[in-house]
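The values are calculated or read from the model by the stated rules, or taken from the named source; none is laboratory data. Quick caveat, the model's predicted, so the values are computed rather than measured. Cβ sites come from the backbone with ideal geometry, for glycine too, and all protein chains shown count toward neighbours.
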Amino acid sequence: MNDAVYLHAPGVICAAGASLHELREAVFAPRLSGVAMNTSVWPGHAVHLGAVGAALPSVAHLPLQARSRNNAMLLAALAQLRELVDATIARHGANRIGVVLGTSTSGVSESEAAISAFAQEGALPPAFHVEQQELGSPALMLTTLLGLGGPSYVISTACSSGAKALASGARLIKAGLCDAVLVGGVDTLCGMTVAGFSALDSVDEARCRPMSATRAGINIGEGAALFVLSREPSPVRLAGYGESSDAHHISAPEPTGRGAVAAMREALDRAGLTPADIGYLNLHGTATPQNDAMESRAVAELFGLALPCSSTKPLTGHALGAAGAIEACIAWLTVAGDGRLPVHHFDGQRDADIPAITLVEPGQRLAQAPRHVMSNSFAFGGNNATLVLSRG
């Protein structure tokens, strides 16, 4: 039996664009867009954030406990592939379709607003329900809305969540539990994450600069990405995935990158590939001093210095639980593209203390789209996930 699983064209919304077309235009463009200065999420602090400015669908038709900006963001991604989703349900039956999503915030912003209102007025707003911030809410909302009967759950492993959701969906199909799975991630901006990462000295008030000698931290972002994963052929396969756990430190990465290397090797092995087969690597590339140092060492150890790499977080911001899924969309566009590579935007000041991996410059392209690309997602606690996407 053919063991291949395919990623069909996704729905996506993030700071770099409100559709797959807009995201394509942004990631291959020579000039920056996306991340901008914002003062509304964390009052009194002007920081660069990857905020979505596009109008989101109404959630008024959802049960009160499902009404959140997080679920509105997910509905925006779903709308872009609703015809495919409905056809998949008709083909396989609702009970054979699962949902696996990544998130880290769910409806925390709704709780923040409710707590603020309580402090001022002595009562919680009638539009608030504590289950709005339950981490399983996005998967439950999709399952209920679409009438699905397959396995449905959320993964919340911080910044690796979205990538791990794709790997988990593939396992459900290969185990025979599902014929198709809606996979992806969703996260929305809230004060808790911006203030929390700032308390860790991990937020840069300016636009982030991955791999730069001047890098000083992340720009937090938001967004959603949703794929239909199935055995029906499409232009792009989820060829491999690898996961590892360093358990080195609650927030700092293991400095040698051994866990990152283990995840990348496992993804290659599962895909039946060697390092030489990879044509492009989307870096986790957060622009924190420790992450970029660790990741550049890991990439250099496994691939050497010549593989074209880039971090796209200066465009999207770091969308935390959705980051791995959004960057899987970017990998999908690269495999299904015309040889253009996602640009690495930074100030051009290379860090002499880390390996000089090749960073994609504006206008850089290959003669044709790479057959195989890799995408890294590394999280707190050393929770690492790597995906390999290949031409179908």
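Of the residues making up the range 305-332, those that are in contact with a helix residue (DSSP H, G or I) (Cβ under 9 Å, 6 or more places away or on another chain), buried (at least 24 other Cβ atoms within 10 Å of the Cβ) and of a type in the set (A, V, I, L, M) are Leu315, Ala319, Leu320, Ala322, Ala323, Ala325, Ile326, Ala328, Ile330.
Of the residues making up the range 99-156, those that are among the charged types (D, E, K, R) and either crowded, with 20+ Cβ neighbours inside 10 Å or under 15 Å from Asn70 (Cα atoms) (or both) are Glu110, Glu112, Glu131, Glu134. Residues in the range 179-191 that are farther than 19 Å from Gly136 by Cα and not in a strand (DSSP E or B): Asp179, Gly191. Go through the range 335-359 and give me each residue that's under 22 Å from the mean Cα position of the chain (by Cα) and either in a strand (DSSP E or B) or within 21 Å of Val261 (Cα to Cα) (or both). The answer is Arg340, Leu359. Could you list all residues from the range 305-334 that are assigned to a helix (DSSP H, G or I) and either modelled with pLDDT under 95 or not small (Gly, Ala, Ser) (or both)? Those that are assigned to a helix (DSSP H, G or I) and either modelled with pLDDT under 95 or not small (Gly, Ala, Ser) (or both): Lys313, Pro314, Leu315, Thr316, Leu320, Ile326, Glu327, Cys329, Ile330, Trp332, Leu333, Thr334. Within the range 285-304, the residues that satisfy the criterion of being surrounded by 24 or more Cβ atoms within 10 Å (Cβ to Cβ), among the hydrophobic types (A, V, I, L, M, F, W, C) and assigned to a helix (DSSP H, G or I) are Met294, Ala298, Val299. Annotation note: of Ile13, Ile89, the sole residue that is in contact (Cβ under 8 Å) with a residue 40 or more places away in the chain and assigned to a strand (DSSP E or B) is Ile13. In the range 248-279, which residue that is in a helix (DSSP H, G or I) and without any contact (Cβ under 8 Å) to a residue 60 or more places away in the chain is farthest from the chain's Cα centre (by Cα)? Restricting to residues being in a helix (DSSP H, G or I) and without any contact (Cβ under 8 Å) to a residue 60 or more places away in the chain, the top hit is Ala276.
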